[in-house]
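Here is the structure we will look at.
The values are calculated or read from the model by the stated rules, or taken from the named source; none is laboratory data. Keep in mind it's a predicted model, so treat the numbers as computed, not measured. Note that we place each Cβ from the backbone using ideal geometry, even for glycine, and neighbour counts take in every protein chain shown.
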Amino acid sequence: MIFYNKLITWYLENKRTLPWRETTDPYAIWLSEIILQQTRVAQGLPYFQAFLTHYPTVFDLANAEEDDVLKLWQGLGYYSRARNLHHTAKTVAYELNGQFPNNYKELLKLKGIGEYTAAAIASIAFGEIVPVVDGNVFRVIARIYGITSDISKGPTKKEFQLKAAELISQETPALFNQAIMDFGAIQCTPKKPLCDTCPFIVNCVAYQTNKIEQLPVKLTKTKVKSRFLNFLVFLDKEKNTYLIKRQEKDIWQKLYQFPVIDHFDKKEINIQTTVDTIYPEISYNQIKQLNEETIIHQLSHQKLHINFWLVDCLSLPAKKEHEKIHWQQINTFAFPIVIHNFINSLAF
DNA sequence: GTCCAGGCCT
DNA sequence: AGGCCTGGAC
């Protein structure tokens with residue numbers, strides 16, 4: 001069989017119509033690829049539209065404030081993507097005269113663009129013959145060719161890149177790359193793939209040997225640590241509160257949060273005593289818990305146990321690294337989704 | 001509730 | 001190799 005003929009035939013019958021497939025603008029294609037890293041199409045789509053509306057060109061994005069970019073990214077997760085997006089917009093706008101590099105090797109030098117994204121942009125926007133290897137491609141090739149290498153190991157990617165380079169259509173590399181990814185997303189899915197209607201059923205080693213469930217092989221499991229976050233929602237008579245911008249190399253870098261008491265060990269802490277120690281200058285009427293049950297928020301590598309405490313006080317003095325803001329302005333700041341959802345659940 | 005998919009950076 | 005987020009499947 002000629003692999004790409006079958007694949008492209010499948011694609012022409014089954015492909016999704018997506019806005020970034022209607023354009024040849026490298027800026028829009030780059031934007032879509034960054035948004036779609038680690039993100040489902042359904043979740044990414046509205047963000048793609050919003051970014052293009054707010055920042056129609058790479059210059060608009062380059063000239064934006066980082067806080068505004070993060071605010072628009074709020075809810076998408078992996079916020080380093082937004083910071084790198086902004087950084088690369090500046091590089092392209094100010095150092096490359098607004099022109100994206102037109103080849104894999106140069107694209108790879110930009111922040112936030114790794115091997116997958118460089119290959120996607122190079123092929124889709126510029127027609128370069130370079131195969132993409134994303135999670136879909138790993139799965140499709142591992143199954144059809146019965147490759148049992150552990151895809152969580154570094155060298156395995158080279159093996160799949162080599163295989164994909166053999167398979168790619170020299171005439172239509174962009175079509176091939178989008179086809180293999182759509183095929184993985186729609187037909188050859190991680191769970192319950194649609195083998196009954198699969199055009200590769202006679203070729204697929206995994207199917208023929210009953211190993212669909214075992215492929216691709218991925219052995220690494222990340223260990224999840226528990227972490228206990230107690231957010232302090234200060235509120236004075238004029239409805240001012242404190243926000244802190246996260247800075248350290250940690251989760252949610254450069255997003256906003258309420259002041260927090262943060263532990264990696266579960267220990268009984270007395271909120272009142274702790275607040276008295278950290279904020280001796282603040283006199284409050286009472287402290288009360290705002291959420292009924294501890295909120296569990298699961299990250300890839302941390303399990304967060306979250307409580308919110310209302311600290312009801314007369315006034316809030318200026319304090320280092322604390323931004324005193326009026327509650328009405330709260331939705332102009334970029335928050336992690338768990339804090340955003342909590343804020344929106346409040347009545348005041 | 002728990003598990004998992006999805007690329008890049010350091 | 002480990003850190004980084006969220007939502008959907010089960």
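Return the only residue of A:28, A:64 being away from DNA strand B (no atom under 16 Å from the Cβ) and not in a helix (DSSP H, G or I). Give the derivation first.
Working: A:28 fails: not in a helix (DSSP H, G or I).
Unique residue meeting the criteria: A:64.
Restricting attention to segment A:2-42, the residues that are farther than 15 Å from residue A:176 by Cβ, touching a residue at least 40 places away in the same chain (Cβ under 8 Å) and of a type in the set (Val, Ile, Thr) total 5.
Filtering segment A:308-348 to residues that are within 16 Å of DNA strand B (Cβ to nearest atom), closer than 25 Å to residue A:267 by Cβ and surrounded by fewer than 17 Cβ atoms within 10 Å (Cβ to Cβ) leaves nothing. A Cβ distance below 9 Å, combined with a sequence gap of six or more or placement on separate chains, defines the contacts here; from segment A:311-323, residues that are not assigned by the TED database to the domain that holds residue A:261 reach no residue that is surrounded by 11 or more Cβ atoms within 10 Å (Cβ to Cβ) and part of a strand (DSSP E or B). Among the residues of segment A:78-114, the ones that are more than 19 Å from residue A:61 (Cβ to Cβ) and either of a type in the set (A, V, I, L, M) or buried (at least 17 other Cβ atoms within 10 Å of the Cβ) (or both) come to 2 in all.
Which residue is farthest from DNA strand C (Cβ to nearest atom), if the candidates are limited to segment A:38-49 and must be out of contact with any helix residue (DSSP H, G or I) (no Cβ under 6 Å at 6 or more places or on another chain) and on the phi < 0 side of the Ramachandran plot? Outline the logic, then answer.
First, the residues of segment A:38-49 that are out of contact with any helix residue (DSSP H, G or I) (no Cβ under 6 Å at 6 or more places or on another chain): A:38-43, A:45-46, A:49.
Next, from what is left, pick out any that are on the phi < 0 side of the Ramachandran plot: A:39-43, A:45-46, A:49.
Working: A:39: 8, A:40: 6, A:41: 11, A:42: 6, A:43: 5, A:45: 11, A:46: 11, A:49: 16 Å.
Ranking the candidates gives A:49 first.
Would you confirm, using the coordinates I've provided, whether residue A:129 is in contact (Cβ under 8 Å) with a residue 24 or more places away in the chain, hydrophobic (A, V, I, L, M, F, W, C) and not in a helix (DSSP H, G or I)? Explain how you work it out, then say what you get.
Details: in contact (Cβ under 8 Å) with a residue 24 or more places away in the chain: yes; hydrophobic (A, V, I, L, M, F, W, C): yes; not in a helix (DSSP H, G or I): yes.
When the stated conditions are applied, residue A:129 passes them.
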